[in-house]
Amino acid sequence: MGSQNKQSELPTDKEAKNPSYSETIKTEVVCPNDTNPMGILQGGRLVQWMDIAAAVCAQTHADGICVTASIDAVRFYHSAKVGDILTIKARITRAFTTSMEIRVEAFVRSVYNPTPRSLSTAYFTFVAIDEQAKKRTVPPVIAESEEDKHNYNLAALRKEKNSTPQ
């Protein structure tokens, strides 16, 4: 009796969902304990908040627990300081068999200036798991808007690039 390496006994014909179904928006205020000695937001704290938003998005799409598998293409465009308000938007780009790619964008604004500036973007890959921490299938994504279709196609290219040994 050897162990079997197979996915959960979940149906593979799950109902497809569009990206707006699971889109997640998270708001944070930069506090002193989130910053370095200069009062500037630490990048690791921002990535932590982005990961939480991405997890909520993935788990909403998958209807269950999902774990972070990778974070790609993290870009920081501006800094954020104590008192700034961050808005973090997570939106699924594509679902594969057991994994999903989530695009996360963070924006920063001052309480005195309501115009948001792009702070960061990153792509998170999550894997859906069952109660025994075994991979399970996820519903497909229906890309409806032109932007969603564009992101859907780019997700496949990123996956191919990241799975090819270099």
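Listed by chain and number, the lysines placed with their C-alpha closer than 23 angstrom to that of K81 are K26, K89; residues fewer than eight positions away on the same chain are left out.
With a 10 Å Cβ neighbour count serving as the proxy for reagent exposure, in which order, fewest first, do I88, I52 appear? Walk me through the numbers on the way to the answer.
Working: I88 22, I52 16.
Ascending number of Cβ neighbours within 10 Å: I52, I88.
Straight-line reach from K134: taking Cα to Cα under 24 Å and skipping same-chain neighbours fewer than 8 places apart, the lysines in range are K6, K14, K17, K159. P(r) tail, the chain: Cα-Cα pairs separated by more than 19 Å, 58% of all pairs. In this simple spin-label approximation, V82 and D63 carry label points 7 Å from Cα along the Cα→Cβ vector, and these lie 4.7 nm apart. Spacing of the modelled spin labels on N18 and A156, each 7 Å from Cα toward Cβ, amounts to 2.1 nm. What is the angle, in °, between the Cα long axis of helix 43-62 and the longest principal axis of the Cα atoms in the chain? Nearest 10 is fine, range 0 to 90. The angle comes out near 40 degrees.
Taking K and R as +1 and D and E as -1, what net charge do the other residues with C-beta under 10 Å from the C-beta of A122 add up to? The partial results should precede the final answer.
Working: positive: R75, R103; negative: D51, D72, E105.
With Lys, Arg at +1 and Asp, Glu at -1, the net is -1.
Rounded to the nearest 20, the Cβ-based charge dipole of region 19-163 about its Cα centre (Lys and Arg +1, Asp and Glu -1) stands at 300 debye. Each label point was placed 7 Å from the Cα along the Cα-to-Cβ direction; for T121 and A73 their separation is 0.7 nm. Angle of helix 146-163 to the longest C-alpha principal axis of the chain, folded into 0 to 90 degrees and rounded to 10: 70°.
Every number here is computed from the coordinates shown, using simple stated rules; none is lab data. None of the values given here were measured: they were computed from a predicted structure. Heads up, the Cβs are rebuilt from the backbone with ideal geometry, glycines too, and the neighbour counts pull from every protein chain shown.
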